[in-house]
Amino acid sequence: MAIFASAAARVLPALLAITIQQDRGFQPPDVSLPITLGIAVSASASPFAAYSLERWGVRAPLIGSLALLALSLAATTQAASPWHLTVAWGLGVGFSGSLSAALLGAMIGSRGGATHCGTRYGLLASMQPLGSAAGLLLASRAANALDWCFVFQAAAVGVLATAIAVVLAPISGRGALLRERKFKRHGAAPPKEKNWRFCVLATIFCVCGASTSGLIDGQLGMICMGTGLDLTSSADVMAIVVFGGAIGSVVSGHLADRCPARTVLALYFVVRALLLLWLPFTGFSLVELARFGALYGLDAALTFPALVRLMSGNLGARHVGRAMGWMTVMHLGGGAIGSAGIGALGPAAYAVGFAGLGLACLVAAGLVVLLKDARAQGAPSG
């Protein structure tokens with residue numbers, strides 16, 4: 001529930017950025033830069049979020065993240081200058097986003113080793129795109145019927161109510177800490193020969209972030225509206241992307257546990273590259289953007305369960321928590337670079353940005369083959 005509610009609220013800045021810009025008389029960089037900063041801040045704080053989960057369990061960090069998100073959403077309605085958005089979106093939404101569904105899903109899903117982690121991760125991660133889709137559909141229609149301030153206020157109340165529910169829920173925070181102590185007694189740090197695998201995974205996560213978070217979370221709404229779509233149509237395209245992501249998370253988790261993770265992940269990146277190279281030739285019509293959104297959302301979500309499974313198999317399940325914190329840094333850092341690059345190019349040069357991201361995805365597909373596959377489900381341990 002917490003993942004669903006926070007995801008529904010986090011899509012509001014990207015969805016309503018143009019509306020706020022026009023209402024407040026801001027310039028385009030005044031709303032795009034805070035979104036990019038928020039992605040970068042989320043990346044920077046992810047290792048600390050991973051440590052907090054290992055140290056204090058789920059309850060306390062999750063309550064703090066939800067409370068900060070609610071405060072940031074409420075503060076947006078009082079924004080009278082660009083720096084107000086920088087504080088609310090860049091710092092508030094950014095820090096709250098460091099406790100991501102990816103991090104929670106990887107730590108919980110990797111319990112018991114790599115054998116079933118893809119399926120567990122996929123089920124948990126699917127809550128994020130479902131929440132995003134619900135937020136997009138509800139917020140776009142509420143903003144048209146009422147105004148954007150009401151949408152942010154309602155979202156703040158909903159997130160705060162979720163935080164209260166987490167306070168009252170019987171969540172145990174000792175499991176992660178006890179497991180960490182056990183690992184410290186029975187294991188040491190990853191061997192040095194695993195360092196190059198860590199670097200390869202970090203590069204792959206960076207490319208994945210640039211071609212998903214940077215494009216979809218940071219810029220897709222503005223791309224749609226910049227090409228002439230109204231708010232509701234833009235939200236529908238974004239909702240199609242995230243609905244595809246929800247399906248992709250579950251399907252990919254199942255596939256990652258039953259098929260060679262390297263093979264399916266390389267295939268995902270090749271398909272993503274082809275989609276990015278194809279989009280500039282569509283004319284950016286509603287039908288073509290919707291078709292792109294369905295295919296791209298499905299492919300974007302397919303990659304993460306396979307990546308988590310490969311990370312568990314290459315770095316060890318007991319190191320997934322903190323490693324995922326640093327991988328999230330690379331993923332969201334790549335997202336910040338991609339968002340800033342696409343935003344700086346502007347509508348007239350979108351094709352250049354898409355082509356660059358497509359070529360980067362092909363490089364990531366090549367890097368995947370350097371990693372070793374985790375054991376498939378049912379395979380012998382020896």
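Tabulated results
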item	result
Identity of the residue in the range 15-44, open to solvent by 10 Å² or more (accessible area, probe 1.4 Å) and of a type in the set (A, V, I, L, M, F, W, C), that ends up farthest from the chain's Cα centre (by Cα)	26
Test result for residue 256, open to solvent by less than 20 Å² (accessible area, probe 1.4 Å), in contact with a helix residue (DSSP H, G or I) (Cβ under 9 Å, 6 or more places away or on another chain), within 19 Å of residue 364 (Cα to Cα) and at pLDDT below 70	yes
Members of the range 142-163 that are open to solvent by 50 Å² or more (accessible area, probe 1.4 Å) and over 24 Å from the mean Cα position of the chain (by Cα)	144, 145, 146, 147, 150
Of all residues in the range 261-289 being touching an Asp or Glu at 6+ places or on another chain (Cβ under 7 Å) and open to solvent by less than 40 Å² (accessible area, probe 1.4 Å), the one that is nearest to residue 224 (Cα to Cα)	282
Which listed residue is surrounded by 24 or more Cβ atoms within 10 Å (Cβ to Cβ) and either more than 23 Å from residue 168 (Cβ to Cβ) or modelled with pLDDT of 85 or more (or both), from 11, 87	11
Qualifying residue in the range 359-379 (condition: part of a loop (DSSP other than H, G, I, E, B), in contact with a helix residue (DSSP H, G or I) (Cβ under 6 Å, 6 or more places away or on another chain), at pLDDT below 75 and open to solvent by 20 Å² or more (accessible area, probe 1.4 Å))	yes
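Every residue, every condition in (1) open to solvent by less than 10 Å² (accessible area, probe 1.4 Å); (2) modelled with pLDDT of 85 or more; (3) in a loop (DSSP other than H, G, I, E, B); (4) out of contact with any helix residue (DSSP H, G or I) (no Cβ under 8 Å at 6 or more places or on another chain), yes or no:
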position: 93; (1), (2), (3), (4): no, yes, no, no
position: 102; (1), (2), (3), (4): no, no, no, no
position: 111; (1), (2), (3), (4): no, no, yes, no
position: 119; (1), (2), (3), (4): no, no, no, no
position: 124; (1), (2), (3), (4): no, no, no, no
position: 132; (1), (2), (3), (4): no, no, no, no
position: 137; (1), (2), (3), (4): no, no, no, no
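The values are calculated or read from the model by the stated rules, or taken from the named source; none is laboratory data. On a predicted model such as this, the values are computed, not experimentally measured, just so you know. Cβ coordinates were reconstructed from backbone atoms using ideal geometry, including for glycine residues, and neighbour counts include every protein chain displayed. What goes into the accessible areas is simple: the full protein's heavy atoms, side chains included, and nothing from ligands, DNA or RNA. Shrake-Rupley method; radii C 1.70, N 1.55, O 1.52, S 1.80 Å.
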